Amino acid sequence: MDAPAALSNIALFLPNMARRQSDAPAVVVQRRRGSGGAYDYCRYTFEELNRESDWIAWGLEAHGITRGTRTVLMVRPSLDFFALTFALFKAGAAPILVDPGMGVRNLKACLEEAQPEAFIGIPKAQVARLLFGWARDSIRTCVTVGPRLFWGGATLAQIRAAGKKAAAFLPSVAAAAASSSESRSSAGANARSLSGDAERPFPAVSPDQDEIAAILFTSGSTGAPKGAVYTHDIFSDQVECLREVYGIAPGERDVSTFPLFALFGLALGMTSIVPDMDAARPARASPRHILGAVRDWNATNMFASPALIDRVGKWASGRGVRLPSLKRVISAGAPADPVALARFSEMLEPEAEVFSGYGATEALPVSSIGSRELLSETAKKTDEGGGVCVGRPVPRVKAAVIRITDDPIPRWSPDLLLPPGEIGEIVVKGRRVTRAYFNRPEATDLAKIDDPVDGGFYHRMGDVGYLDESGRLWFCGRKCHRVATPEGDLYTIPCERVFDTHTEVFRTALVGVEREGAVLPVLCVELETGVKRNRRALKRIRDELLSIGVSNPKTRSIKTVLFHDRFPVDIRHNAKILREKLAARAQRRLGDKR
């Protein structure tokens, strides 16, 4: 595809696609089913989305949201969301994307840290901004998407109207063209052309190499959320990587349950189909809505978190659901569950796969693996405590494993490297790796390792794992979640997957509890829905889990099992277990004997 050159504005993908496939649907938003059971959809073509984003960019510029303006965007996935996002990129403003699911306290801290100068949000977000005092000292400009009440500022409708006026040719130009025409009819035609169809496209900003394109905050599931600084070059490389790795082509149709991937889909020329769901709580989405969107649009691609894949697969199991149009499903956000992948794959054609991507907000994607390879070659090792294989590094990313330390590493050295098979900290290097956190110099220093050889740097993923002899990367959990026992370190993912093989267990979580000066490894267990939870049943399951643990050298030291009705998890993916909260609960239940 004709991609913009390196370091060009990511928004230029949109007019490029508008020229190539102007009438093709770009964004399709699913609405509730009607009385007849069919879903209703609203949409923009690529030409319409490009024009709308131009109008909004002109309007934002007129209202002071211009190059470099840090702008909070709190708008639900919708036609307006996509038009606004591309308009901000065109104008050179820096959108600040914060997950509303991180909680009010974290949201306030993130926005204070980001020091936004503008705030674009739905009425509910505007009320919350005032009620909780979000960035009150830095925000100067407000735009409301929807009805504006007492808080002032412009509405998106006003922004759009101002932009349409700015995009049109000046009336005097149109009149001059009309008066110079040879006839009244031809003059009228020329005037209509100049005042209507012939509008000035917004001149997208050509950014500098280090200019901020956006600030994307991490989920905060393992600490305070941090704002990763994205450049346009990083976004462009992500788009190109997705095209290369997955073979995505213009004209495909993508059901996306994560707004950021939907933006990538548009840049790749796919139709982005947004199902009727709460994007902040994907694990609560209706499987009927998701599957309805796939079927109604003969979707070729789908992006979903592992929790959503598990939910849809369980619902569809036994119902004879088939999804013949899907070429691929892409999943990210948490380690893949082989059982869930196998169950979902039953709905796909033999040549289609579920791909599990590995990465983080600071570096995405890093690696990828298809369900065929995972299920046939690596799943057995996972069940035996070998960690989860996340595949080989994707183009233009180098992944390595270094010895574990919690201290800063200012300078790269080959002496840091560990041999294949040895668990250490995963580090990555490449064009799409973010260089810094916004206003967090200490966090940046802790996460980055300068490489004096080429002037680049490695990013410390904060994950532990290893490389096998064939160059595949294996994920073994978060570095901060390792449990340091007197017998040695225990890593969460390898240990938990041994116990997850029990048929009545939904998921487990390994935590450490301080007991009389030592760390006690504790296995927290969440059972499958419908499993009996009376005293006899729980004793039987506990005994069976301990028997499983004794049989594996990696889990032999785990002797304490606690059952939980439901684990605390991150809202974004509903899969990242908040082990710090579980550890605190376990400490209380076992008695605080520190």
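List pairs: first residue in the stretch 213-229 and within 11 Å of E362 (Cβ to Cβ) and at pLDDT 80 or above, second residue open to solvent by 10 Å² or more (accessible area, probe 1.4 Å) and aromatic (F, W, Y) anywhere in the structure, Cβ distance under 7 angstrom, at least six positions apart or on different chains.
That search, which allows pairs on different chains as well, returns K226/Y437; G227/Y437; G227/F438; A228/Y437; V229/Y437; V229/F438.
If you check D570 against the conditions, is it loosely packed, with under 15 Cβ neighbours inside 10 Å and of a type outside the set (S, T, Y)?
No.
Yes or no: the stretch 397-416 includes at least one residue that is surrounded by 15 or more Cβ atoms within 10 Å (Cβ to Cβ), assigned to a loop (DSSP other than H, G, I, E, B) and either modelled with pLDDT of 95 or more or of a type in the set (G, A, S) (or both).
The answer is yes; a qualifying residue exists.
Grab the strands (runs of 3 or more DSSP E) fully contained in the stretch 505-594, keeping just those with 1 or more residues being in contact (Cβ under 8 Å) with a residue 60 or more places away in the chain and of a type in the set (D, E).
It comes to 505-515.
What number goes with the only condition from (1) closer than 30 Å to I309 by Cβ; (2) open to solvent by 80 Å² or more (accessible area, probe 1.4 Å); (3) among the acidic types (D, E) that E514 does not pass?
It fails just one condition, (1).
Determine the pairs where a residue that is over 20 Å from M461 (Cβ atoms), located within the stretch 330-351, has a partner that is assigned to a strand (DSSP E or B) and hydrophobic (A, V, I, L, M, F, W, C) with Cβ atoms under 8 Å apart, the partner being 6 or more residues away or on another chain.
L341/V354; F344/V329; F344/V354; S345/V354; L348/V329; L348/V354
Anything in the stretch 347-385 that is part of a helix (DSSP H, G or I), out of contact with any strand residue (DSSP E or B) (no Cβ under 9 Å at 6 or more places or on another chain) and either closer than 24 Å to S219 by Cα or not hydroxyl-bearing (S, T, Y) (or both)? List them, or say none.
L375, K380, D383
Out of A162, A135, which single residue is buried (at least 16 other Cβ atoms within 10 Å of the Cβ) and assigned to a helix (DSSP H, G or I)?
One residue alone meets the criteria, A162.
What number of residues within the stretch 88-132 satisfy the criterion of being touching a Pro at 6+ places or on another chain (Cβ under 7 Å) and surrounded by fewer than 21 Cβ atoms within 10 Å (Cβ to Cβ)?
Residues in the stretch 88-132 being touching a Pro at 6+ places or on another chain (Cβ under 7 Å) and surrounded by fewer than 21 Cβ atoms within 10 Å (Cβ to Cβ): 2 in total.
Name the residues in the stretch 316-354 that are closer than 17 Å to H289 by Cβ and either among the small types (G, A, S) or open to solvent by 60 Å² or more (accessible area, probe 1.4 Å) (or both), would you?
A316, R319, S325 - these are the residues of the stretch 316-354 that are closer than 17 Å to H289 by Cβ and either among the small types (G, A, S) or open to solvent by 60 Å² or more (accessible area, probe 1.4 Å) (or both).
Could you pull out every one of the helices (runs of 4 or more DSSP H) wholly within the stretch 13-125 that has 3 or more residues that are farther than 29 Å from Y437 by Cβ and among the hydroxyl-bearing types (S, T, Y)?
In the stretch 13-125, no matching helices (runs of 4 or more DSSP H) lie anywhere.
Mind listing whichever residues of the stretch 476-504 are surrounded by fewer than 15 Cβ atoms within 10 Å (Cβ to Cβ) and in a strand (DSSP E or B)?
The answer is A484, G488, D489.
Since T231 meets every condition but one in (1) surrounded by 22 or more Cβ atoms within 10 Å (Cβ to Cβ); (2) within 26 Å of P324 (Cα to Cα), which condition does it not meet?
Of the numbered conditions (1) surrounded by 22 or more Cβ atoms within 10 Å (Cβ to Cβ); (2) within 26 Å of P324 (Cα to Cα), the odd one out for T231 is (2).
The values are calculated or read from the model by the stated rules, or taken from the named source; none is laboratory data. Being a predicted model, the structure only gives us computed values, none of them experimental. For neighbour counting, all protein chains shown are included, and Cβ atoms are generated from backbone atoms with ideal geometry for every residue, glycine included. We work out accessible area using only protein heavy atoms, side chains counted, and drop any ligands, DNA or RNA first. Shrake-Rupley method; radii C 1.70, N 1.55, O 1.52, S 1.80 Å.
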